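Chemist: One structure is given below, represented as structure tokens, and several questions about it will come after.
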Amino acid sequence: MALNIPGLIAVIVFYALILATGIWAAWKTKKEEKKGNQTEVAIVGGRNMSFFVVLFTTTATWIGGAYINGTAEIVYLPTRGLAWVQAPLGFLSAFIIGGLFFAEPMRSKKYVTMMDPLQEAYGNTMGSILFIPPLLGDLFWFAAILASLGATVSIILDVTGYISIIISACTVIVYTLLGGLYSVAYTDVIQLLFMIVSLWICVPFALLNPASENIGYTAFNEVHQASWIGKIEAEYIGRWLDDFAYLSLNSIAWQTYIQRLLAASSTRQARITSCMAGVLSVVMAIPSVLIGAAAASTDWNQTSYGSSTPAERGESSMVLPIVLQYLCPTYVSITGLGAIAAAVMSSADSSLLSASSMFAHNIYKKILRKKAPETEVLCVMRLSMVLFGSAAAGLAFLSRSVYDLWFLSGELVYAILFPQLCCVLFVPNTNTYGSTVGFLFGLLLRLLGGETALKIPPVIHYPGCRLVDGVYVQLFPFKTFTMLVSLTTIILVSYLTRFLFRKNILPLGWDVCNIMKECNFPNPQPRVEGQIDLPLNSI
């Protein structure tokens, strides 16, 4: 296959448009920085972004290349199907829960990052340890979606994948570095609009191709029943519920999402835009579902792809670009490639800004250089963008391994960080001892549960654990179980240590985390004649 010159030109034009939008947003950022705190403008947009921009950038938080590619892949896979497409409903739940319950407590104290309440409650040392899982998650996520884009470009344009990885990474780094959240948010608007239009243009061509049967027929025909509608076997219900809970709850405990809640001009706006973003994320999945259904209903012998199916060639993960390339005209497939590139960049810039924001604000300013001026913090933030972005681009060449590492780091965030965030926001008086034990217990339980993708065998065999193709698979909802155990551990250990120190069962000299010094006991009041003293436990 020869180099697709028109497609290459179209992609270059698209990248130039995104870069120009990012640079324009950077100019707007400079104007806002003159009005107030430079760091807050770069990280949370000065907390005064418009409704429309916040809505689109919140939606783009999780609507990336993995979302639209992965949805099409799951619908296409004969062993999965539509019944296993959980991301749209999972993100809908996450956005609603986040908007209704997390927006107000995060905004009430004017936090700048997700790590602020953790450092405030558990101290800088514990806060810096809790920073590690989301940092790794952001890096691996950036790398994974760059690898996805590289594979897509190589299929449609016949260009070596590493070229698109390098160019995409450089473009994202430049405009994110120049404009912070404003550049990310405004480019998200362009990218999301382009994604919606481009994918819907491709859908009719994929469905009406002569090689494809009517998806309505294949959906309810016995031969095709498992192809794209799918079903959930009774033994897999626990696994399905575990994955759904993971998507619904874990998607909240990331700086990329919390950043959008903090950037809204009011708590009411944050709640409304978050809930609407959930609905929009479901709508965004519809074209990918239809494309996956078209792939499952296609006789690939009638196309230039060849006699083997994508599943037989081990290319199921690339089914969306394969459909665009072989079931759509050239100019349409180029449009679809633009949609995938837009999706990738909308997620990549968010991850880059997230990691650099937390490092500059929570690690450098709060721990390493507490008296650092705003300009210095901004310089560190921009330098970290270059370093993190370069590291992610390098990791992208690992391809499949990066996806596996991202899944594991994401599950560590679920098992470790989500319970910690819930405790500091909703459970009073949790402390550093509970946080530490909960962290260690959650980490240990998750690792002992094993990881199929990384070939880590399980030490703990939960109910339903079985050997499939030489690999142990946990059918019990052990990820959610681990999260709940971690949450319970934090609360119990926090209240137990507080009780032991308060009753002098443990000497205060052992309180190395100084939790008792941070307790605000009421000052003794002068005794009034005739006053009746009640014991504390009667109140």
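FYI, it's all coordinate maths here, none of it is from the lab. As the structure is a computational prediction, the values presented were derived from the model and not from experiment. Note that each Cβ is placed from the backbone with ideal geometry, even for glycine, and that neighbours are counted across all protein chains shown.
Chemist: Cα centroids of the range 439-483 and the range 407-426: how far apart, whole angstrom?
Modeler: 17
Chemist: Continuing with the same structure: Ranked by Cβ crowding within 10 angstrom, fewest neighbours first, how are LEU82, LEU118, LEU421, LEU320 ordered?
Modeler: In increasing order of surrounding Cβ atoms, one gets LEU82, LEU421, LEU118, LEU320.
Chemist: Roughly how many Å is it from the Cα centre of the range 8-72 to that of the range 202-280, as a whole number?
Modeler: So the separation of the two Cα centres works out to 23 Å.
Chemist: Another question, then. Please report, in debye to the nearest 20, how large the charge dipole of the range 239-365 is about its Cα centre when each Lys and Arg carries +1 at its beta carbon and each Asp and Glu carries -1 there.
Modeler: 600
Chemist: Let me ask you something else. Per-residue ellipticity at 222 nm for the chain, helices alone: DSSP H runs ≥ 4 residues times -39500 (n - 2.57), over residue total, nearest 500 deg cm²/dmol?
Modeler: -21500 deg cm²/dmol
Chemist: Let me ask something else. Ranking MET276, MET358, MET49 by Cβ neighbours within 10 Å, fewest first, what do you get?
Modeler: By the 10 Å Cβ count, ascending: MET276, MET49, MET358.
Chemist: Next up: State the extension gain, in nm to one decimal, for the chain segment bounded by ILE23 and LEU492, taking 0.36 nm per residue of separation less the distance between their alpha-carbons.
Modeler: Values: separation 469, 0.36 × 469 = 168.84 nm, distance 4.99 nm.
My answer for the length gained is 163.8 nm.
Chemist: How do ASP511, ASP116, ASP299, ASP188 rank when sorted from fewest to most other Cβ atoms within 10 Å of their own Cβ?
Modeler: Final ranking by Cβ density, sparse to dense: ASP299, ASP511, ASP116, ASP188.
Chemist: I'd like to know which of TRP84, LEU383, GLN325 lies farthest towards the positive end of the charge dipole of the range 5-400, counting +1 on Cβ of Lys and Arg and -1 on Cβ of Asp and Glu.
Modeler: About the Cα centre, the residue reaching furthest to the positive side is LEU383.
Chemist: By the scheme Lys and Arg +1, Asp and Glu -1, what is the net charge of all other residues having a beta-carbon under 12 Å from that of GLY64?
Modeler: Result for the neighbourhood of GLY64: -2.
Chemist: Over all distinct alpha-carbon pairs, what is the Kirkwood Rh of the range 427-518 in angstrom?
Modeler: Computed over the range 427-518, the radius equals 15.0 Å.
Chemist: Now, a different point. Dipole size in debye (nearest 20) for the chain around its Cα centre, Lys and Arg Cβ +1, Asp and Glu Cβ -1?
Modeler: So the magnitude is around 1700 debye.
Chemist: Still on this model: In the range 5-400, what is the count of Lys pairs whose alpha carbons are under 18 Å apart, counting only pairs at least 8 residues apart or on separate chains? If you can, show how the numbers build up before the last one.
Modeler: Details: LYS35/LYS110; LYS109/LYS366; LYS110/LYS365; LYS110/LYS366.
The result is 4.
Chemist: Could the peptides 345-352, 329-336, 247-254 be put in order, highest first, of the mean number of other beta-carbon atoms found within 10 Å of their residues?
Modeler: Order by mean packing, descending: 345-352, 247-254, 329-336.
Chemist: How much FRET efficiency would the formula 1/(1 + (r/R0)^6) give for LYS371 and LEU454, where r is the Cβ-Cβ distance and R0 is 35 Å, rounded to 0.05?
Modeler: 0.25
Chemist: Okay, moving on. Using the basic label-point model (7 angstrom from Cα toward the beta carbon), what is the LYS109 to LYS30 distance in nanometres?
Modeler: 3.6
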